Ligand code: SF4
């Protein structure tokens, strides 16, 4: 058995596919008519059941995602209610909210209702951002991350690689993430969809491994470096390489609008490689 523990995180898309923004990588934008499931708020009972299921598969982190630019009063209240319901029924789950741009006040509200972390990705470098989104700015994203830090929530921020950016953009993104000192950093690798303006993924497996290595070196040991979207496209059958490069967390189950491996298959892979599955977040969120 290896000493390293792998953290498992699961995502629940609790409001899907209704966003008016134009992020060129995102199937949840209504502008691109991608063939995904679109729905309004799931019921709280359903979300709690799905969280229980994810916990039974070993997920320590549970992320509540809503499509859309950011929080408003209604969304903040809904996510807060979901958090209260999940925390009442499930022990030892680390709740992450991922609901776009957020004010300090909204984040405080989530925190006082049981949310532990907030995920908001910088997505790419400041320089390249206008190539992948024209309806809001990179600076807005950064400001939300700063609000998360001020609110006392733990910060989860990362980005997507392989959207046509240059190597200098990848390095700039990692440096910008580092300035925020996040507890967790999801590294996503672009998953092409014919409906999206970005048509291809310009990143190889070796380049992806280099990003994982750089992220681990920059962010330090007691942090989560998570391989999230695109894992199956780049590392199916090569999981050990990404863990050797420095990753210590993965997303299990489905991503927001794309299918992942089944949680059982992921657990079998981790077992066969001799990794322990983490049972507490304490070493990360101190
Ligand atoms: S703001 Fe979020 S949900 Fe909306 S298009 Fe951009 S990434 Fe997708």
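Each value in this text was obtained by applying a stated rule to the coordinates, not by laboratory testing. Nothing here was measured: the structure is a model prediction, and the numbers come from that model. Here the Cβ is made from the backbone with ideal geometry for all residues, glycine too, and neighbour counts use every protein chain on show.
Details
- Candidates 55, 42, 75, ranked by Gaussian network fluctuation over the chain, Cα under 10 Å, top entry: 42
- Footprinting exposure proxy for 101, 112 (fewest neighbouring C-beta atoms within 10 Å first): 112, 101
- Percent antiparallel among DSSP beta bridges (both partners in the chain, rounded to 5): 5 percent
- DSSP bridge orientation in the stretch 1-154 - percent antiparallel, rounded to nearest 5: 5 percent
- Take the Cβ atoms of residue 136 and residue 207, set R0 to 25 Å, and the FRET efficiency comes out at 0.35.
- If you wrap the Cα atoms of the stretch 5-277 in a convex hull and average its projected area over all directions, you get 12.6 nm².
- Cα shape, the stretch 165-213, gyration tensor, a/c 1.5 rule: prolate
- C-alpha center-to-center spacing [the stretch 1-47, the stretch 99-149] in angstrom: 16 Å
- The mean sequence distance of close C-alpha pairs (under 8 Å, at least 6 residues apart), as a share of the length of the stretch 87-169, puts its relative contact order at 36 percent.
- Highest GNM mean-square fluctuation among 107, 155, 180, for the chain modelled with Cα contacts below 10 Å: 180.
- Structural descriptor for the stretch 5-277: relative contact order 20 percent, calculated from alpha carbon pairs under 8 angstrom and at least 6 residues apart.
- Cβ-to-Cβ counts within 10 Å put 5, 239 in ascending order as 5, 239, the fewest first.
- Sorted by Cβ neighbour density within 10 Å, fewest at the top, the residues 82, 30, 48, 65: 30, 48, 65, 82
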